[in-house]
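Input: a single structure, listed below in structure tokens.
The values are calculated or read from the model by the stated rules, or taken from the named source; none is laboratory data. It should be emphasised that the depicted structure is a prediction, and the values quoted were computed from it without experimental measurement. Cβ sites come from the backbone with ideal geometry, for glycine too, and all protein chains shown count toward neighbours. When the accessible area is computed, the model is the full protein with side chains, heavy atoms only, and any ligands, DNA or RNA have been set aside. Shrake-Rupley method; radii C 1.70, N 1.55, O 1.52, S 1.80 Å.
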Amino acid sequence: NSRIRIARPQCTRQDLVKTSGDGDVVRGALDALERNHQRGHAIALARLLADAAPRDPGAVWRLARLLDDTGVAREETEGLLRRLLELVPDVAIVRVRLAWHVLAGAPAEALALVEPMLDQQSPDLFDAASAALSALGRTSEASRTLDRALQAAPNRAIGLARLASRHSQANRFARALDLVRLLDLDAVARDPALDDDDREFVEDAWLTA
């Protein structure tokens, strides 16, 4: 009683990219991998997609974001962000992420990346500009620019905690620490405008940094 075995076709990542048509299949696969915390597989698939479409901002951004969020392959990430800057020079998030990449070694370049877009009134742009100004020794301007980054928050403590939390999640712990040092936890504890959840959020950001 022999059994007939039917071979199942094996679909490689390369096959998926080739047959994806408009890219919806690949994007769906990437989404599924990220949801299941399979970051390594997601990066491998995103790299294939970016290699197959090097002038597609969406494909390049997906790989750049995944690499940047994991903190690996910094040189590759910076190269991808610079390519994106050429492809989509008016997209603020590309300029912000690239600014953080170059800030330590080239604060003037970081400032030049975000300054042209400050009229967008984006807290992320003001935050990056403030850090660059501080690195350049322009402390008064840095402080004023940080104040502009915090304007959208309910109050200063929440705004600082939000920014610090985001930097901690992005592994930019030095910036997170700089921000939480501006917090006065005693004042936070006494502030009647803050409820218990707000205080817990601020304290968590302070501890995490």
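Ranked from largest, the principal axis spans of the Cα set of segment 119-185 equal 25, 24, 23 Å. Placing 206, 61, 100 in order of accessible area, with the largest value first and a 1.4 Å probe, yields 206, 61, 100.
On full extension of the chain, what length is gained from residue 184 through residue 106, given 0.36 nm per residue of separation minus the C-alpha to C-alpha distance? Between residue 184 and residue 106, full extension yields an extra 25.0 nm. Taking N as the residue count of the chain, its C-alpha radius of gyration divided by 2.2 N^0.38 Å amounts to 1.28. Considering segment 88-209 at the alpha-carbon level, its Rg and Dmax are found to be 14.4, 46 Å. For the pair residue 169 and residue 55, a Förster radius of 25 Å applied to the C-beta separation gives a FRET efficiency near 0.25, rounded to the nearest 0.05.
At a probe radius of 1.4 angstrom, the accessible area of the chain per residue rounds to 58 square angstrom.
Remark: segment 100-117, residue by residue, has Karplus-estimated 3J(HN,Hα) of 5, 5, 9, 4, 4, x, 8, x, 5, 5, 4, 5, 5, 5, 9, 4, x, 10 Hz, where x stands for each Gly or Pro and the curve is 6.51 cos²θ - 1.76 cosθ + 1.60 at θ = phi - 60°. Taking the 1.4 Å solvent-accessible surface of the chain as the whole, the part contributed by carbon and sulfur is 49%. FRET efficiency for the pair residue 153 and residue 35, taken as 1/(1 + (r/R0)^6) with r the Cβ-Cβ distance and R0 = 25 Å, rounds to 0.25.
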